[in-house]
Amino acid sequence: MVALAVLPAWVGAQPLITHEDESKVPSYILPDLLTSENGKPILSAEAWRSLRRPELLELFTHQMFGEAPSEAVELSSELLTDQRGLMDGAAHCKEVVIHLRPREAKTTLPITVLIYQPAGSPKPVPAFLALNFAGNHTLSDDPQIRLSQTWMRNQPDRGIVDHRATEASRGTQAGRWPVRKIIDRGYALVTAYYGDIDPDFDDGWSNGIHPFFFREGQQAPEVHQWGSIAAWAWGLSRILDYLHQEPTIDPKRVAVMGHSRLGKTALWAGASDERFALVISNNSGCGGAALSRRAYGETLRRINSSFPHWFNDAFTRFNDREALLPFDQHQLLALIAPRPLYVASAAEDQWADPKGEFLSAWHASSVYRLLGSRGIESGVMPALDEPVGHQVRYHIRRGPHDVTDYDWAQYLDFADAHLK
Ligand code: GCU
């Protein structure tokens, strides 16, 4: 627990000013990855595992993402659609609703999972698992895929009206999902709409997964309990639970991937659930890969004001007080070690602070080194479109905040190197 009561009076509310100006980045000292909270140096893999990793995990859990319920939930599934012989016979595609029933709940939380998999593979295949922003039907214009019924943010130009998807929204995100390439490289692709787990708005905690776990009379998570990002990450773990029932997918070779807020989610899922074999953060920015202390682009105050439901309430105490954070995001990345980690930025996505994302990945590499593998070896930011690193890899590509074919080409090569 961090003592915030003794702060000087000047550290108070400041306006929501943000900047994208390197000369305004404050000087800062990052909390040391390899020194424990009691000042002991962490000199061995064993000390990392038994002492430092648990204490960092606990800090991120309690001071940022919030505690997710640890109790097991009942999981059942229902096959919705099953299509064979797609993509010239190369792929199968099915949709499964997984029903989660926490405790003695009278109802279940349904998550509709879309699975594309290579046809006729003699053995279980590795998979990419990634939540999507606007429903499974936005990956492709295939009319067989069920139109999502769940609440979503209005985007009339993309066929989302009155907070519901319409037929016009089919295939609108297809550019972000090169399904055919993923299949041809021998991977399954597993996805679900993130709003199935918790709709992404400040709804007073009345819908999504949170209320299933409230005590009698409870109406909101407590200060250290989970926000929406932790809920989406928890949902990814439940989908991974389900994948153990899929004989054609190898649950030990699942890469968790996400873009932007879902990149923050993928990082937390990978940090908190070590069953994920590989982790990919695409343009995750503030609260994801980017160092908070740089306060470049989106800041803690800004993210906690615009999206008060993403993190827990304890995290808001660090608004404008980044220097007092007991951790920084390089330590979140280090929680993934020694598993392969890919962090990607985009040059025009200054809001997400590409340099802060790179530095974070570079600093996290010291833990990979301690654990006997190689991460990123130079602290000099690479040129555009020139990936660097080994078990920790990084690129900054040309162009805006998005997931492109270039990004996926790197992720597929990275997965080939580590999951095959
Ligand atoms: C906003 C938000 C970011 C987030 C992004 C997204 O820009 O400020 O933190 O990553 O939305 O998820 O698209």
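The values are calculated or read from the model by the stated rules, or taken from the named source; none is laboratory data. These numbers come from a predicted model, not from an experiment. So basically every Cβ, Gly included, is an ideal-geometry build from the backbone, and we count neighbours across all protein chains shown. Remember, those area values only see protein heavy atoms, side chains included, never the ligands or the DNA or RNA. Shrake-Rupley method; radii C 1.70, N 1.55, O 1.52, S 1.80 Å.
I need the calculated FRET efficiency for the pair A119 and L51, taking r as the beta carbon distance and R₀ as 41 Å, to the nearest 0.05.
On the way: r = 47 Å, r/R0 = 1.15.
So, using R0 = 41 Å, E works out to roughly 0.30.
Ordering of 95-101, 363-369, 260-266, 380-386 by packing is 260-266, 363-369, 95-101, 380-386, highest average first (other Cβ atoms within 10 Å, averaged per residue).
Averaging the Cα positions of each part gives two centres, and for segment 51-126 and segment 393-410 these lie 26 Å apart. Dipole size of the chain about its Cα centre, with +1 on Lys/Arg Cβ and -1 on Asp/Glu Cβ: approximately 640 debye, rounded to the nearest 20.
Between A323 and D416, full extension at 0.36 nm per residue minus the direct alpha carbon distance yields a gain of 29.6 nm.
Karplus-derived 3J(HN,Hα) values for segment 185-201, using 6.51 cos²θ - 1.76 cosθ + 1.60 with θ = phi - 60°, are 8, x, 10, 8, 10, 10, 9, 7, 6, 5, x, 4, 7, 7, x, 8, 8 Hz; glycine and proline are entered as x.
For segment 59-419, lysine pairs separated by 8 or more sequence positions, or belonging to different chains, with Cα-Cα distances below 23 Å total 8. The listed residues R53, R164 rank as R164, R53 when sorted by accessible area, largest first, using a 1.4 Å probe.
Between N154 and S36, the simple label model (points 7 Å from Cα in the Cβ direction) yields a spacing of 5.5 nm. Rolling a 1.4 Å probe over the heavy atoms of the protein chains gives the chain an accessible area of 40 Å² per residue.
Accessible surface of segment 59-419, 1.4 Å probe: 50 percent of it comes from carbon and sulfur atoms.
One chain, two ends: L79 and F201. Fully extended at 0.36 nm per residue, the span grows by 41.0 nm beyond their Cα-Cα distance. Loop-located trypsin sites (Lys or Arg not before Pro) in segment 65-149 (DSSP state not H, G, I, E or B) with no more than 16 neighbouring Cβ atoms inside 10 Å: R103, K106, R146. Extension gain, S70-H390: 0.36 nm per intervening residue step, less the Cα-Cα distance, totals 111.9 nm. Test of understanding: in a Gaussian network model of the chain with alpha carbons linked when under 10 Å, which of P124, P199, P54 would top the mean-square fluctuation ranking? Greatest mean-square fluctuation among the candidates belongs to P54.
DSSP beta bridges fully contained in the chain are about 55 percent antiparallel.
The accessible area of D416, taken with all protein chains in place and a 1.4 Å probe, comes to roughly 50 Å².
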